[in-house]
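Chemist: Structure below; questions to follow.
None of the figures in this text is laboratory data; all of them are computed from the coordinates on show. Predicted model, so just to flag it, every value in this text is computed and none were measured. Neighbour counts run over all protein chains shown; Cβ positions are idealised from the backbone, glycine included.
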Amino acid sequence: MNKYQEIISNSYSGYFNYLKNELLSLHVENYFYGLIFISLAVFILEILFPWRKNQPIIRKDFWLDIFYMFFNFFLLNLIVLIALSNVTEQILNDFLSKFNLKLASLQIIDISKYPKIVSLLLFFIVSDFIQWITHRMLHRIPALWNFHKVHHSVKEMGFAAHLRYHWMEPVIYKSMLYIPLAIVGGFSVKDVFIVHFFAITIGHLNHANLGWDYGFFKYIFNNPKMHIWHHSKEIPNKYGKNFALTLSIWDYIFKTNYIPFDGKDIELGFQNDEKFPTDFIHQEAYPLKF
């Protein structure tokens with residue numbers, strides 16, 4: 001067994017044991033039950049304060065999105081992402097070793113030297129900005145847009161639509177994040193957990209059936225009234241608007257913000273989406289045909 005095969009084998013066994021422990025144990029940084037808690041909390045908010053009052057609680061594709069949510073958040077890591085990430089790290093280190101370098105040696109900023117609140121903020125801002133850039137790429141590059149269509153095939157918005165996406169998307173996002181987060185080092189597993197679940201919470205709220213914009217804070221945080229326009233079938237240009245994941249400030253800075261009026265009842269999707277597959281298997285296979 002060569003080095004890369006061993007990394008893949010260890011990644012599978014390691015993540016399988018991790019996932020098993022997540023299901024069987026309760027602890028502060030438990031991703032499985034954390035996702036369930038956030039999802040139930042936002043779902044209850046949808047029921048109590050529905051924006052689109054005529055939309056059923058169990059909306060169109062609700063169960064498909066629930067499946068996507070758990071598949072993308074957990075099973076996808078087991079199938080491909082953890083092994084891919086570990087192999088990528090080794091390949092990068094092998095390449096850098098030719099120049100007597102390692103990924104760790106690329107660090108420009110060690111955020112562990114700063115107070116915890118500052119280091120968390122730096123980690124969050126850097127990662128969110130890179131993801132905003134990546135999201136724009138998904139809309140502007142035709143091959144990537146074919147993958148991103150899965151997410152935009154949502155026709156009725158709800159919290160679980162947040163995690164309806166093709167398995168290639170996290171590969172693209174993680175690849176884009178890899179080098180910047182290697183350069184900004186010094187963050188811990190707990191830091192990643194806090195930032196990740198804050199982003200998950202905002203993402204769930206953005207897609208929920210809620211008519212909130214957070215007042216002044218709409219210029220800082222993405223929100224349901226802003227994000228609904230990102231999913232609009234009728235867009236003001238070829239590539240869309242409102243690319244924010246968590247921080248809306250990037251859209252205001254780079255002039256990609258767009259909220260022409262209350263978008264509560266706008267049609268969602270993309271042009272010719274009536275021809276797009278409606279089941280998981282065919283949605284996953286769709287980009288491979290184009």
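Chemist: Using the structure shown, select from LYS238/LYS275; LYS174/LYS275; LYS155/LYS289; LYS60/LYS233 the pairs with a Cα to Cα distance greater than 25 angstrom. Provide the component values of the computation, followed by the final result.
Modeler: Values: LYS238/LYS275 19 Å; LYS174/LYS275 30 Å; LYS155/LYS289 23 Å; LYS60/LYS233 17 Å.
The pairs that break the limit, which is 25 Å between Cα atoms, are LYS174/LYS275.
Chemist: Exactly which GluC sites (Glu not before Pro) in the range 246-290 are in a DSSP loop and have at most 15 other Cβ atoms within 10 Å? Walk me through the intermediate numbers first.
Modeler: Details: sites: GLU267, GLU274, GLU284; in loops: GLU267.
Hits after loop and neighbour filter: GLU267.
Chemist: Which of the lysines could a cross-linker bridge to LYS218, judged by Cα under 20 Å and excluding same-chain residues fewer than eight apart?
Modeler: Within the straight-line cut-off, LYS218 pairs with LYS241, LYS255, LYS264.
Chemist: Under 5 Å between amide hydrogens, which residues at least 5 positions from LEU247 or on another chain qualify, with H placed 1.01 Å from N in the peptide plane?
Modeler: ASN222
Chemist: Rank these for me by crowding, TYR68, TYR286, TYR239, going from fewest to most other beta carbons within 10 Å.
Modeler: Numbers: TYR68 25, TYR286 18, TYR239 14.
The order, fewest Cβ neighbours first, is TYR239, TYR286, TYR68.
Chemist: Here's a follow-up. Using R₀ = 35 Å, calculate the FRET efficiency as 1/(1 + (r/R₀)^6) where r is the Cβ-Cβ separation of LYS98 and PHE71; round to 0.05. Mind showing how you got there, number by number?
Modeler: Details: r = 38 Å, r/R0 = 1.09.
Efficiency at R0 = 35 Å is approximately 0.35.
Chemist: ³J(HN,Hα) across the range 240-250 via Karplus (A = 6.51, B = -1.76, C = 1.60, θ = phi - 60°), whole Hz, x for Gly/Pro?
Modeler: x, 9, 6, 8, 4, 8, 10, 9, 6, 4, 5
Chemist: For every other residue with a beta carbon closer than 12 angstrom to the beta carbon of GLU274, add +1 if it is Lys or Arg and -1 if Asp or Glu, then tell me the sum. Each step should come with its number before you reach the end.
Modeler: Numbers: positive: LYS155, LYS233, LYS275; negative: GLU267, ASP273.
Counting the neighbours of GLU274, the net charge comes to +1.
Chemist: How far, in nm, would the chain grow between ARG140 and TYR239 when pulled straight, counting 0.36 nm per residue and subtracting the alpha carbon separation? Each step should come with its number before you reach the end.
Modeler: Numbers: separation 99, 0.36 × 99 = 35.64 nm, distance 0.59 nm.
Net length gain for the segment: 35.0 nm.
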